[in-house]
Amino acid sequence: MKSISNCFNRLIIKVMMPILMVASTASYAENNQNNQPKLTPCYMEGLSDRLMCGSIAQPLSDDPSEGEIDIHFAVIPAIKPSHPDEAVLGFAGGPGQGAIDLARIFDHNLRFARETRDIVLVDQRGTGYSHQLQCESDDLKTQFAFNDVIADLQAMGAEDTQKCKAKLNIDLSNFTTPVAAKDFEAVRVALGYKGFHLYGVSYGTRIAQEYMRQFPNAVLTSTLDGVVPMQQSLAAIGGAVDGSMAALFKRCETDALCAAQYPNLANNFNSLLTRLEQQPVQTQVRHPRTNDLIDFTITKMKLYSAIRFALYGHAQRAIVPMVIEKALRGGYSPLAGMMANVDLTQSLAMGMHNAIVCGEDWPRLTTQTRAQYSKTYMGKAMIAGLDIACPILNVKAVDETFYQPLKTSTPTLLLSGGRDPATPASWAELAMVEMTNATHLVAPTATHGVGSQTCAPKIIAKFIDQQSMRDIDTTCINDANDKPFFMNINGVAVANSHPADAANKE
């Protein structure tokens, strides 16, 4: 996710992170001809299979005079539709990502479950094809040149938020999680499935829990990957960032090659942050995409944000030591490449993102939690951004009952990465305090999104098949899946490192 205002888009800050055959479709269509929406063949990037896409109309609000919006969905057909009355429902993260455009990722994470069940992907209202709420954002060249140290961030943030509000011209209170949950149920009813197996990632675990709370009889099982507890504000993410960063530094210290090439990495990183805080660097680099020479202002916020983004995946984590070392010595091209790699301007619907964080997370902040979360660099920055944007956007706060932990006996599998920079394992433990039929698995070396990095797809499929975790062998979740550190700009050192994809063995 990105920040809640365009000034933070300039800083390239992410709030959380982060991101679908006809035969099976016909099987439930025959039983629901009266309510069946029109389905048309469609294709998504990265998938050769033909999907079936459609939409249903949903009321924008409780006031009929405000009209309707179209909620779009895609069905990835089961390989062998052994369970035509069931499907796996995927919830995207962000908040602000559309599920349909992430079809390739859902197909990968649920590839074994798809052998017998359809996968249904719904673009949550405000995202993707479902009345997307997108704000304007600076291009990469402007982001690179922007100097947040000398800018009046509060004034700029207020101005950008006002522009976004005027462009959207809609009450964002109609795009919060409790409202959106009803759209997913409407899709289930329209398609005629008797029950859903839920699979949510990151923020997607929050709406999955809300869907379970509102429609318990529609849920057969639930898999929550990178868990956001209902009790937790996203502003608490700062602690997870610091923990994940510390884990990376520790791994470098214990890896002989990394320790030799990049000694005192943690201290060097902190020294670099201090140096940039005192005096930003003005330089020029080649545009990562056009190769044009462009201005590049390196500030503490930009460096920290770039490293933070990199913690989400193993490929980028492997580059972090080299990026820090190069920057320490005045080489900023690797940093520029890393920043360009995480430009999420087009992949997140910032208007919908604002609806969630301002309607659900900002109202949850108290004097005590503000002080607690502000102890971290990321937490302090996020709260500052919320305080600028949310009063202007005026999103109606969700009901207090929203923050209660989900109480359920539905079979639930919770997945956490031991090095997750967004949703640490402790968050899953907090989420499951009222779940009486839950199992929590921690993949020690995984980051954010265990299903994409480990043997979890097989475990998920078995869990769905038997609607229980009983007798399922989960030992493979402990397999290491680190990538070897980059020792220079051209390659990596492979000695004393694990195979790159050891944990993805099928």
Confirm whether ILE459 is under 14 Å from LEU413 (Cα atoms), out of contact with any strand residue (DSSP E or B) (no Cβ under 7 Å at 6 or more places or on another chain) and in a helix (DSSP H, G or I).
-> yes
Taking helices (runs of 4 or more DSSP H) that do not extend beyond the stretch 292-382, which have at least 1 residues that are acidic (Asp, Glu) and more than 30 Å from GLU400 (Cα to Cα)?
-> 320-328
Options ALA208, ALA236; residue that is part of a helix (DSSP H, G or I), closer than 23 Å to SER374 by Cα, of a type in the set (Gly, Ala, Ser) and touching a Gly at 6+ places or on another chain (Cβ under 8 Å) = ALA236
Go through (1) part of a loop (DSSP other than H, G, I, E, B); (2) crowded, with 16+ Cβ neighbours inside 10 Å and name the single condition GLN58 misses.
-> (1)
Using the structure shown, decide if ASP255 is farther than 21 Å from TRP362 by Cβ, buried (at least 19 other Cβ atoms within 10 Å of the Cβ) and among the charged types (D, E, K, R).
-> yes
In the stretch 383-420, residue farthest from LEU441 (Cα to Cα) [restricted to those that are among the acidic types (Asp, Glu) and in a helix (DSSP H, G or I)] = ASP387
Sole miss for ILE69 among (1) within 30 Å of LEU234 (Cα to Cα); (2) buried (at least 23 other Cβ atoms within 10 Å of the Cβ); (3) among the hydrophobic types (A, V, I, L, M, F, W, C) is condition (2)
From PHE106, PHE112, PHE91, residue being in contact with a strand residue (DSSP E or B) (Cβ under 7 Å, 6 or more places away or on another chain), among the aromatic types (Phe, Trp, Tyr) and over 26 Å from CYS164 (Cα atoms) = PHE106
Filter the stretch 159-185 for residues that are surrounded by fewer than 19 Cβ atoms within 10 Å (Cβ to Cβ) and of a type in the set (A, V, I, L, M, F, W, C); which is nearest to ALA446 (Cα to Cα)?
-> ILE170
Residue ID - nearest to GLN466 (Cα to Cα), chosen from residues in the stretch 186-202 that are open to solvent by less than 20 Å² (accessible area, probe 1.4 Å) and of a type in the set (A, V, I, L, M) | LEU198
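Residue-wise test of (1) open to solvent by 10 Å² or more (accessible area, probe 1.4 Å); (2) within 19 Å of MET245 (Cβ to Cβ).
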| residue | (1), (2) |
| --- | --- |
| GLN316 | yes, yes |
| ILE324 | no, yes |
| MET339 | no, yes |
| CYS358 | no, no |
| THR366 | yes, no |
| MET378 | no, yes |
Among the residues of the stretch 211-233, write down those that are in contact with a helix residue (DSSP H, G or I) (Cβ under 7 Å, 6 or more places away or on another chain) and either part of a helix (DSSP H, G or I) or buried (at least 24 other Cβ atoms within 10 Å of the Cβ) (or both).
-> TYR211, GLN214, ALA218, THR221, SER222, THR223, LEU224, ASP225, GLY226, VAL227, VAL228, SER233
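The values are calculated or read from the model by the stated rules, or taken from the named source; none is laboratory data. Just so it is clear, the model here is predicted, and its values are computed rather than measured. Here Cβ is always computed from backbone atoms with ideal geometry, including for glycine, and neighbour counts include all displayed protein chains. Ligands, DNA and RNA are stripped out before the accessible areas are found, and what is left, the full protein with its side chains, is counted by its heavy atoms. Shrake-Rupley method; radii C 1.70, N 1.55, O 1.52, S 1.80 Å.
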